[in-house]
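These notes concern the structure reproduced below.
The values are calculated or read from the model by the stated rules, or taken from the named source; none is laboratory data. Keep in mind that what you see is a predicted model, and the values were worked out from it rather than measured. Cβ placement follows ideal geometry from the backbone for every residue including glycine, while neighbour counts extend to all protein chains displayed. Side chains included, ligands, DNA and RNA excluded: accessible areas come from the protein's heavy atoms. Shrake-Rupley method; radii C 1.70, N 1.55, O 1.52, S 1.80 Å.
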Amino acid sequence: VQLQAFGGGLVQAGGSLKLSCEFSARTFVDYVVGWFRQSPGNEREFVAAVAPISGGGSTYYGDAVKGRFTISRDNTRNTEYLQMNSLKPEDTAVYYCAATRGGDLFYHRAYPYWGQGTQVTVSS
């Protein structure tokens, strides 16, 4: 299973970015897919996750991004997305996509599969 993230960049505070993550396995539909972020000196932080359709396709968000970020998945393209609006300087981090078949979806160690990370920088 391989994941590849795209879409990071530099944006001004208040702006938007959309990240995408392509998933190699044809069993994409069976995985919880999510996003985490990490800035220097900090733990990897949960951003968002979306359950498989078999699990109702529910979405989950970290408190820091609720109401500003939206996670989605396109099972026909084996791709997940993270739409980030109203970006703040504190959103600056490397963003990682990840996938798991189970476990605590809010905890990064529950995810065995990771993308390479994409840098998001929000200027003030």
Provide the gained length on full extension for the span Thr27 to Asp74, in nm with one decimal, where the gain is 0.36 nm per separating residue minus the Cα-Cα distance. 15.7 nm
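Tell me the net charge near Glu22. Cut-off is 14 Å between Cβ atoms, Glu22 excluded, with +1 for each Lys or Arg and -1 for each Asp or Glu.
Around Glu22, the charge tally is +2.
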Please calculate how many Å² of accessible area the chain carries per residue, with a 1.4 Å probe and no DNA, RNA or ligand atoms counted. 51
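What size of dipole, in debye to the nearest 20, comes out for the chain about its Cα centre when the only charges are +1 on Lys and Arg C-beta atoms and -1 on Asp and Glu C-beta atoms?
For this selection, approximately 140 debye.
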On the accessible surface of the chain, probed at 1.4 Å with all protein chains in place, carbon and sulfur together account for a percent value of 46
Ala64: net charge of surrounding residues, Cβ under 15 Å, Lys/Arg +1, Asp/Glu -1, itself excluded? 0
Express in nm, to one decimal, how much length is gained between Ser123 and Phe6 on full extension, taking 0.36 nm for each residue of separation and deducting their alpha carbon distance. 40.2 nm
What distance in nm separates the two pseudo spin-label positions at Ala13 and Gln38, each 7 Å out from Cα along the beta-carbon direction? 2.7
Whole-Hz ³J(HN,Hα) for each residue in the range 95-111, computed from phi via Karplus 6.51 cos²θ - 1.76 cosθ + 1.60 with θ = phi - 60°, x for glycine and proline: what do you get? 9, 10, 8, 8, 9, 8, 8, x, x, 6, 5, 8, 10, 4, 6, 7, 9
Quick one: compute the contact order of the chain, relative version, from alpha carbon pairs under 8 angstrom and 6+ residues apart, as a percent. 36
Dividing the convex hull volume of the Cα atoms of the range 1-73 by its residue count, what figure in Å³ per residue is obtained? 112
